[in-house]
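Heads up: the structure comes next, in structure tokens.
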Amino acid sequence: MSLLLALLLQTEWPTLHGDLQRSGFYEKLPTEGLKVVWRKELWKELTGPRAEVIVGGGLAYMGTYAGRMIAWDAVSGEERWVVTTGGPIGHSPVYSNGVIYFGSMDRRLYAVEVVSGKVRWSNELAEGIWSSPVVAGGNVIVGARDGVLCAFTTAAGTPVWRLATGGPILGSPS
């Protein structure tokens, strides 16, 4: 986590693998040596093996199996806020326009204002969420373990559409 964060301090990494295509491509690798600027040990709570730190709005975000979404100052590592859910968070949030969106195994999709850590809205789905959402076209799109891919408006969480896929959704949309 620390090596990646040192790279990310130069820019934002707003979604899983950095972009909407989930490419994981970082074109501006530093030419100088890297150094750890801060580090957090989350071994008491554990984090998902597919999750990565997301950086946006000057903060770094990571969810834990203890159901906590934690925001740290991206430069100092100082904890800014924590949102606690009713279930494990197994994947990365997505950052867009001052809000992070993430799912939890408590069957909820959350929209959290990054400045305050206040939950703007949350929606309950039929099953838990074990994938990273994506934001596109004013909607947040996420799949749940019941096999339904859903879109909600980013502003109010209003349902836009649902698509049954026939099997659990464990991967992240792109």
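The values are calculated or read from the model by the stated rules, or taken from the named source; none is laboratory data. This is a predicted model, so every value here is computed, not measured. Don't worry about glycine lacking a Cβ; one is built from the backbone with ideal geometry, like all the others, and counts go over all protein chains shown. To get the accessible areas, we keep the full protein, side chains included, count just its heavy atoms, and leave off ligands, DNA and RNA. Shrake-Rupley method; radii C 1.70, N 1.55, O 1.52, S 1.80 Å.
Residues that are touching a residue at least 40 places away in the same chain (Cβ under 8 Å), open to solvent by less than 40 Å² (accessible area, probe 1.4 Å), at negative phi and not in a strand (DSSP E or B) within region 102-128 comprise Ser104, Val114, Gly128, listed in sequence order. Once region 44-66 is narrowed to residues that are more than 12 Å from Val94 (Cα to Cα) and charged (D, E, K, R), the residue that is most open to solvent (accessible area, probe 1.4 Å) is Lys44.
For region 129-148, filtering for residues that are over 17 Å from the mean Cα position of the chain (by Cα) and either aromatic (Phe, Trp, Tyr) or open to solvent by less than 40 Å² (accessible area, probe 1.4 Å) (or both) leaves 2.
Quick check on Val160: is it at pLDDT 95 or above, farther than 21 Å from Ile54 by Cα and either surrounded by fewer than 20 Cβ atoms within 10 Å (Cβ to Cβ) or of a type in the set (A, V, I, L, M, F, W, C) (or both)? Explain how you work it out, then say what you get.
On the way: at pLDDT 95 or above: yes; farther than 21 Å from Ile54 by Cα: yes; either surrounded by fewer than 20 Cβ atoms within 10 Å (Cβ to Cβ) or of a type in the set (A, V, I, L, M, F, W, C) (or both): yes.
It is true that Val160 is at pLDDT 95 or above, farther than 21 Å from Ile54 by Cα and either surrounded by fewer than 20 Cβ atoms within 10 Å (Cβ to Cβ) or of a type in the set (A, V, I, L, M, F, W, C) (or both).
When restricted to residues that are in a loop (DSSP other than H, G, I, E, B) and either under 12 Å from the mean Cα position of the chain (by Cα) or in contact (Cβ under 8 Å) with a residue 24 or more places away in the chain (or both), region 59-71 contains 3.
Considering only residues in region 72-101 that are outside any loop (DSSP other than H, G, I, E, B) and among the polar types (S, T, N, Q), the one that is farthest from Thr158 (Cα to Cα) turns out to be Thr84.
Looking at (1) within 14 Å of the chain's Cα centre (by Cα); (2) modelled with pLDDT under 85; (3) open to solvent by 40 Å² or more (accessible area, probe 1.4 Å); (4) at negative phi, which is the only condition Leu3 fails? Condition (1) is where Leu3 drops out. Within region 11-38, being of a type outside the set (Asp, Glu), at pLDDT 70 or above and loosely packed, with under 10 Cβ neighbours inside 10 Å holds for Gly33, Lys35.
Applying the selection to region 89-101, what residues are small (Gly, Ala, Ser) and open to solvent by less than 10 Å² (accessible area, probe 1.4 Å)? Write out each step before concluding.
First pass over region 89-101, keeping only residues small (Gly, Ala, Ser): 90, 92, 96, 98.
Matches in region 89-101: Gly90, Ser92.
You will find that of Ser96, Ser131, Ser92, the residue that is more than 20 Å from Pro49 (Cβ to Cβ) and among the small types (Gly, Ala, Ser) is Ser96 and no other. Yes or no: region 111-122 includes at least one residue that is modelled with pLDDT of 95 or more, within 22 Å of Leu170 (Cα to Cα) and of a type outside the set (S, T, N, Q). Taking every residue of region 111-122 in turn, at least one turns out to be modelled with pLDDT of 95 or more, within 22 Å of Leu170 (Cα to Cα) and of a type outside the set (S, T, N, Q).
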